[in-house]
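Written below as structure tokens is the structure these notes are about.
The values are calculated or read from the model by the stated rules, or taken from the named source; none is laboratory data. As the structure is a prediction and not an experimental result, all values here were calculated from the model. FYI the Cβ positions are ideal-geometry reconstructions off the backbone, even for glycines, and counts take in every protein chain you see.
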Amino acid sequence: MKLILLICLGFLAFYIYNNSTENYVYESADGAPPSVYKDPVQKNISGKSKPFQRGVLNLLAGYEVTARILDIGRYRHGKEVSIAPMDLTLGWKKMSEEAVFKRLNVRNTHRWYKYNWRGAPPIPPREIVRSSANVHVISANGSVRDALATLHKYQFVTLKGYLVHYREGTSKKWWEWKSSLSRTDKGDGSCELMYVERVLPH
């Protein structure tokens, strides 16, 4: 009797595992690493900074994200170019799935991530906001810069580093650029400014 019960429980566990929503989602995007279905990992910090170019990078949070690249912006003009010449529009969770983002018109333009759709949205708009972001990318060194240059649209990638606040100038006249620390904001100031120390293409 105990043996029959154990066999039944084993079959039940196998059925639940192979028919769970999580398992189905993992299989829905071809070649997606499992971590793409997790939120970015952020650990807020304070009091740490490092000199960078003509100013200072204040480290706001350790940050790691695995996502699909929905678009790439490469820029040549503007004050920000010397710091972060590239923007990556990233999508994770449902926004990493082709069935979702292909129903959206996603574009990276003028340092903004913009999207729209025809008819009904593929997922609720709030989920689009929570599962995607525009990231202004600062390279920690030449190797990171070279690795970023090889990335292409719709590729999966993991970025590791820090969300930062860049500031240069004096107390009377300064210029600054600050990262968002939220995944639920949108509009002006909602982009991430990320100092990238590692690039792991998938």
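Taking the numbered list (1) surrounded by 17 or more Cβ atoms within 10 Å (Cβ to Cβ); (2) under 21 Å from D188 (Cβ atoms) in turn, V65 passes all entries but (2).
For region 184-202, the candidate set comprises residues that are modelled with pLDDT under 95 and among the charged types (D, E, K, R); within that set, the residue that is farthest from H110 (Cα to Cα) is D185. Could you please tell me which pairs satisfy a Cβ distance under 8 Å, a separation of 6+ or placement on different chains, a first residue in region 52-77 that is acidic (D, E), and a second residue that is surrounded by fewer than 17 Cβ atoms within 10 Å (Cβ to Cβ) and not in a strand (DSSP E or B)? Cβ pairs passing all conditions: D71/K153.
If the condition is being in contact with a Pro (Cβ under 9 Å, 6 or more places away or on another chain) and either of a type outside the set (D, E, K, R) or not assigned by TED's automatic domain parsing to the domain that holds R74 (or both), then region 99-116 contributes A99, V100, F101, L104.
Rundown of residues vs (1) in contact (Cβ under 8 Å) with a residue 60 or more places away in the chain; (2) of a type in the set (D, E, K, R); (3) not assigned by TED's automatic domain parsing to the domain that holds N58, yes/no style:
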site: R118; (1), (2), (3): no, yes, no
site: N141; (1), (2), (3): no, no, no
site: V164; (1), (2), (3): yes, no, no
site: T170; (1), (2), (3): no, no, no
site: S179; (1), (2), (3): yes, no, no
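For region 5-25, indicate whether the set of residues that are surrounded by 12 or more Cβ atoms within 10 Å (Cβ to Cβ), modelled with pLDDT under 95, under 21 Å from R183 (Cβ atoms) and of a type outside the set (D, E, K, R) is non-empty. Yes, region 5-25 contains a residue that is surrounded by 12 or more Cβ atoms within 10 Å (Cβ to Cβ), modelled with pLDDT under 95, under 21 Å from R183 (Cβ atoms) and of a type outside the set (D, E, K, R). Here V81 meets the list (1) surrounded by fewer than 17 Cβ atoms within 10 Å (Cβ to Cβ); (2) closer than 17 Å to N134 by Cα; (3) under 18 Å from the mean Cα position of the chain (by Cα) almost entirely, failing just condition (3).
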